[in-house]
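Please treat every number below as a calculation from the coordinates, not as lab data. All values derive from a computational prediction rather than experimental measurement. Cβ atoms come from the backbone with ideal geometry, glycine included; neighbour counts cover every protein chain shown.
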Amino acid sequence: MTDQHGEGMSYTLSKTCTLPLPWSPREVICELDYMEVNVDSAAPYPTTGGAVEHQQWDAAISSAHSLASSAWQLMFLKEGQSPTPLPLSKALELGYRLDITPGRVLFRTPYNRPFSLYSVVNGVPVEVIHAVLFSRQSWTVVLFDLVAACSADVGSFKETSLHWQVPAVMFPLSSHAGFESKNISIGVNGRLLDPQITADRGYTLNIGEEIVDIGIPYGAEGGYRQSFVLHNTYWEFYIIHMYYEGLFMDNFHAESRHRHTKYLMTPLLPHFPFSINQTILEERAFTVYVGNFPSDVVLVTVSLNGHEFTTVEATQSGYTIVKVPHANGTHAYVFRVPFEAPMVQKWYFSEGVLQYLLHVNFTLNIVLQEDTFFHLASIKARIHDVYPPSFSGQCEDHGIVFKLDHAEFDHKWDVTIGNHLLTQQFAAEQGYLLVNDSQSLLLAVPLFTPGYVYEDINIHQFFGTFEILSRDAKTQEIQQYSASRCPFQTTELIVCSTGGVVTVVADVIKSIPKAIPLRTTLFDPTCRPKETDESMALFEFHLTACGTEVEVKDQLMIFKNIIIFEEEQIPSDRPVITRDTTFELAVSCSYPVGDVNMDVSFQSSAPGLGSVGKVKIFEKALAKTLKLIPPELVTTASDPITPSIKAPPTQKLAQFVRVLSHPSTKRQSG
């Protein structure tokens, strides 16, 4: 103890304890750091109380007689050596202790002292100390034979139990001859336990002819566990303070009590958590089992692909955490996360295979110690026969109808027309008809609405191609093309391509008088029709040729040309053939300025908007006349109803006004 100034202070303390049992004539005590023997000083012993060689004992008696004085002395007996007498003062200097009272003589020694002897008794290591206390009293020499022997077995850990062994007959306290065991009991913390209690705790006491084996289950009541974290690993050990007591009659029919205490401790035991992927694909959720954890471990947080949640937050977010107790005192956790949770990584792994991936980092604490460690589990699931949305197309007279039968994973992809996401609003803006329900999606695309590509155009027919794209919702990578190419009858049209080529099919007999298709030209009279019939003329020319002019207006580049028909006349007053312009039809293509690149040659990122006629924009007018009739819901119909595209109403004949040539523009032919 220290005083208020930090100086050491000592106080004399006297305490008298009452023994629960009377002393046996000889008590041998094996404590944690010393061994002791105390004997009844009033009991006469005509010979040794131990099992030593008679020759050695005779030598001890002889030495005692010759060296005895009125002062008490100690003499140590050690096999193979002559007896070594020591004055008590010297013995005290060596760490030995001797107490003589009116009723008992006590001798105590720390372990591993110079006069200790190590031997093996029935396979069990034993430490022995044999001292003789003697003194001459008048003509009598008084000797006390003081022998202590303790099991030096440190214990062992086998599977799930600690074991400690003590020789059944502790030589040299006694020999087999005349040995009689009266009782062997065990307890903890210096107290004996009732046999029923030890059985309830799972302790075992196996008494053999040579060895007494004591077994203690790991974690049994009476001991305690200690745990800690080192290098992200949970470690623990179990320790118990055992108490052993044997009461026996030795070969001289004297009772001896052998008391032994021992700390038994397991080696450091690591606990390595493990995880089991218990995911069932049909449930569309990850299920992972993680365990098994000792009772003093609790789950604190979970991190899902780098996003951390406390257990409460995880539950509130729709994830399930269930604690699973086990009979051996450990427990585990079952953690469940839906595939569609925002933290789950998901992608189209390969054709037909959709993969989900979840990295779960479990944070665990040792209760009260706040000692933290982690366990990472990576789980993946693959669902097969998953393909991007693929539309079927049906050609109709005035457009194409696409159909998609909904599948479970369609939402993984974006459906686009070019770079535009297909929505109700976008469809309405483009003139499409979109009908979407829980079973299928129908998209009716009238001819000449945006998105078509026109090919192989001639006087009689042309082909229109419309394409729907399925893109990865995250990467926007195109993973499915759904395109339909359909033939259509040629009436009147204008196509302004991205490469600057204009294709025009015009009905030129609508003028009064009628024009002759074969004799029509563009502004440059050398640019004639590519193909004609009785009423139609097909021109194909580049925007930079055939007298095409360009005008920039309202952020549009407008390329203009005209289709011309000149009627030949022979005036009566002179024999000269003249040509009067009787028909002009304006042709134009408009491109947003930002879409056009003319560094080397004309190139546009999107087709242009064409128009034919002086006022009317042909393509727009035609598109507006295509009225889409949504399907009627008929519950009694056996076949599905699909949207149909109605033909536009018949166009009125164009009223083309004859334009007389100015005298300066007349061309003569001789």
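Here are a few things to note about the model shown:
- Look at where the Cα atoms of the range 502-558 and of the range 362-415 average out, and the two centres are 53 Å apart.
- Taken one residue at a time, the phi angles of the range 469-485 give Karplus couplings (6.51, -1.76, 1.60, θ = phi - 60°) of 10, 10, 10, 4, 4, 9, 8, 6, 6, 6, 10, 7, 10, 10, 10, 10, 10 Hz. Gly and Pro are set to x.
- Arranged from fewest to most other beta-carbon atoms within 10 Å of their beta carbon, ASP153, ASP595 become ASP595, ASP153.
- Cleavage-rule hits, chymotrypsin sites (Phe, Trp or Tyr not before Pro), the range 418-466, DSSP coil, Cβ neighbours within 10 Å at most 11: none
- Backbone phi angles across the range 439-452, fed through the Karplus curve with coefficients 6.51, -1.76 and 1.60 (θ = phi - 60°), yield HN-Hα couplings of 9, 7, 10, 10, 10, 9, 10, x, 4, 6, 7, x, x, 6 Hz in residue order; Gly and Pro are listed as x.
- Net length gained if the chain between SER70 and GLN439 were fully extended (0.36 nm per residue, minus Cα distance): 121.3 nm
- Karplus-derived 3J(HN,Hα) values for the range 78-84, using 6.51 cos²θ - 1.76 cosθ + 1.60 with θ = phi - 60°, are 9, 4, x, 10, 6, x, 10 Hz; glycine and proline are entered as x.
- Computed label-point distance, nm, for sites ILE207 and GLU455 using a 7 Å Cα→Cβ extension: 10.2
- Proximal aspartates and glutamates to LYS262, defined as alpha-carbon separation beneath 12 angstrom and excluding residues fewer than eight positions away on the same chain: GLU31, ASP33, ASP153, GLU245
- As a rough footprinting exposure proxy, the listed residues THR363, THR315 were ranked by other beta carbons within 10 Å of their own, and the order from fewest upward is THR315, THR363.
- Sparsely packed loop sites in the range 462-570 (the GluC sites (Glu not before Pro) outside DSSP H, G, I, E and B with at most 12 other Cβ atoms within 10 Å) comprise GLU477, GLU534.
- Separation of the range 192-206 and the range 275-350, taken as the distance between their Cα centroids, equals 41 angstrom.
- Residue order, fewest to most beta carbons within 10 Å, for TRP164, TRP23: TRP23, TRP164
- The stretch between GLN4 and ASP200 holds 65.5 nm of extra length on full extension. This uses 0.36 nm per residue minus the Cα-Cα distance.
- Interchain or long-range residues, amide H under 5 Å from TRP347's placed H: GLN355
- Percent of Cα-Cα distances greater than 20 Å, calculated over the range 493-613: 45
- Computing FRET efficiency as 1/(1 + (r/R0)^6) for MET249 and SER82, where r is the C-beta to C-beta distance and R0 is 22 Å, gives about 0.10.
- Taking 7 Å steps out from each Cα toward its Cβ at SER535 and VAL312 produces label points 8.1 nm apart.
- Pairs from LYS403/LYS510; LYS323/LYS346; LYS403/LYS474 whose Cα-Cα separation, in the structure shown, is over 31 Å: LYS403/LYS510
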